[in-house]
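The values are calculated or read from the model by the stated rules, or taken from the named source; none is laboratory data. For clarity, every value in this text was computed on a predicted model and none was experimentally measured. Glycine gets a Cβ as well: all are built from the backbone with ideal geometry, and neighbour counts include every protein chain shown.
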Amino acid sequence: MERVAIANTLRRFIKENYLLGRDFIFADDDSFLEHSIIDSIGILQLVTFLQDTYGITVRDEELLPENLDSVNAVTAYLWRKLDGASSHDASAASQGAPGERA
């Protein structure tokens, strides 16, 4: 998945779930909290959306503004998580099943 697709999905989710018909334009670097786009409960809903949509696990120590407080921050965070997951999957696949010899 490309970064642009991730950002587009996030923007659509935010517009549909948090702006609720408000004619509000925000930049991808705008803080969700500072611009009252998403409140603290909304961040938890965003985390659930990310986990359900992208099959990731957001650990407690990752619940930080630098990961979740703007479209760009979330996109970068997801990119790292998804890249890490695909690197792990590729590494596991190259090692074969447990007990198998290469």
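I'm told Val58 meets every condition in (1) in a loop (DSSP other than H, G, I, E, B); (2) at pLDDT below 95; (3) closer than 26 Å to Asn8 by Cβ except one. Can you identify the failing condition by its number?
(2)
From the residues in the range 1-25 that are part of a helix (DSSP H, G or I) and without any contact (Cβ under 8 Å) to a residue 24 or more places away in the chain, which one is farthest from the chain's Cα centre (by Cα)?
Leu19
Residues in the range 26-52 that are part of a helix (DSSP H, G or I), surrounded by 12 or more Cβ atoms within 10 Å (Cβ to Cβ) and among the hydrophobic types (A, V, I, L, M, F, W, C): how many? So that I can check it myself, show each step before the final result.
Step one: list which residues in the range 26-52 are part of a helix (DSSP H, G or I), which gives 40-52.
Within this subset, residues satisfying the condition of being surrounded by 12 or more Cβ atoms within 10 Å (Cβ to Cβ) are 42-47, 49-51.
From the residues that got through so far, the ones that are among the hydrophobic types (A, V, I, L, M, F, W, C) too are 43-44, 46-47, 49-50.
Residues flagged as part of a helix (DSSP H, G or I), surrounded by 12 or more Cβ atoms within 10 Å (Cβ to Cβ) and among the hydrophobic types (A, V, I, L, M, F, W, C) within the range 26-52 amount to 6.
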